[in-house]
1. Per residue, how much space in cubic angstrom lies within the convex hull of the C-alpha atoms of segment 63-176?
2. In terms of the ratio Rg/(2.2 N^0.38 Å) built on C-alpha atoms, what value belongs to segment 152-262?
3. For Cα pairs less than 8 Å apart in space and 6+ apart in sequence, what is the mean separation divided by the residue count of segment 1-143, i.e. the relative contact order in percent?
4. Relative contact order of the chain, please, whole-number percent, based on alpha carbon pairs below 8 angstrom and at least 6 residues apart.
5. Could you give the accessible area per residue of the chain, probe 1.4 Å, as a whole number in Å²?
6. Compute the Rg to Rh ratio over segment 197-253 from the alpha carbon atoms, using the Kirkwood formula for Rh, and round to two decimal places.
7. If you build a Gaussian network model of the chain, linking Cα atoms that sit under 10 Å apart, which residue out of Asn193, Asn116, Asn224 swings the most?
8. Once R0 is set to 30 Å, what does the formula 1/(1 + (r/R0)^6) return for the Cβ-Cβ distance between Asp197 and Ala263, expressed as a FRET efficiency to the nearest 0.05?
Amino acid sequence: MKVARTPEELEPKPRAVAIGTFDGVHLGHRRVLDAVKAAGLTSTVVTFDPHPRVALGYEVALLATLERRLELIAEAGIEEALVVEFDLELARLPPEEFVEAVLRPIGAEVVVAGANFRFGCARAGDLALLERLGFEVRSVPHVEGVSSSRIRELLRAGEVERAARLLGRPAELEGTVVAGDARGGTLGFPTANLRLDPLLLVPEYGIYAGAAEGHRAAISIGTNPHYGGGERKVEAYLLDFEGDLYGKRLVLQLWRRLRDERAFESEQELVAQIARDVEETQAAEPPI
């Protein structure tokens, strides 16, 4: 998928366009992307970076980084994407000016969106306005019960299996592998420690079964209470993996929450519990 940062980087040609943040690229988003592809023109997504709520000074817990969003959009079969920098200047643009600055220059002819789609300053633009401005508008029905907000609620509760049903894929955590305290290696279970984007949502603390790099993974999210930790850490033990992951970007799939994190009476008891977690991870199945 070609990714552009300005409209000028995309050839003006007949396009079907979807506009939005697409945080999580969940089943509702996938329905919109499928409708874009079905239009028969060059399928294009217009998305924003940073997330509009971040740019406007609000708190937001993202389901995916921009890099991951673009990967998932590409996997959905979209041909091109335009990443528009969202700042206060863009936020103040009336919808008609947004159209002339972003959609017209790339040749948009069809705009695909949900019925409640809004854009432009004060969210004043809607599908009816786009029709008046000469675009063919295709409204996509909402997928009942599916929203980024609902997925956030489920992940905060550790309900990764239910979240997967709304995402249409396993829930994920993404980060860069950094040096840790190497304690896992001394216990016989060397882990990859992840540094996360601070804006990413982190699910409820606990031990999860999942996968990464084509390997099953036992994943710990929390503060390592057995060692009196206070800082949040995300660590993954990749089963049957050998190699160096330092500095590598890692996408963790979260399949199932196994248990709460807790302190143990002894290190021997901790090691025995980790071994049981690994056995459960070996037996776990992807949620979807």
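The values are calculated or read from the model by the stated rules, or taken from the named source; none is laboratory data. Keep in mind that this is a model prediction, so the values were computed, not measured. Glycine gets a Cβ as well: all are built from the backbone with ideal geometry, and neighbour counts include every protein chain shown. When the accessible area is computed, the model is the full protein with side chains, heavy atoms only, and any ligands, DNA or RNA have been set aside. Shrake-Rupley method; radii C 1.70, N 1.55, O 1.52, S 1.80 Å.
1. Numbers: hull volume 16.5 nm³, N = 114.
Each residue corresponds to 145 Å³ of Cα convex hull volume.
2. Working: Rg = 13.2 Å, N = 111, 2.2 N^0.38 = 13.2 Å.
This ratio for segment 152-262 stands at 1.00.
3. Numbers: 248 pairs, mean separation 46.1, N = 143.
Relative contact order, segment 1-143: 32 percent.
4. On the way: 563 pairs, mean separation 49.1, N = 288.
Value for the chain: 17 percent.
5. Working: 13730 Å² over 288 residues.
Result: 48 Å² of accessible area for each residue.
6. Values: Rg = 12.0 Å, Rh = 12.4 Å.
That ratio equals 0.97.
7. Looking only at Asn193, Asn116, Asn224, the biggest GNM fluctuation is shown by Asn116.
8. On the way: r = 29 Å, r/R0 = 0.97.
The pair Asp197/Ala263 has a calculated efficiency of 0.55.
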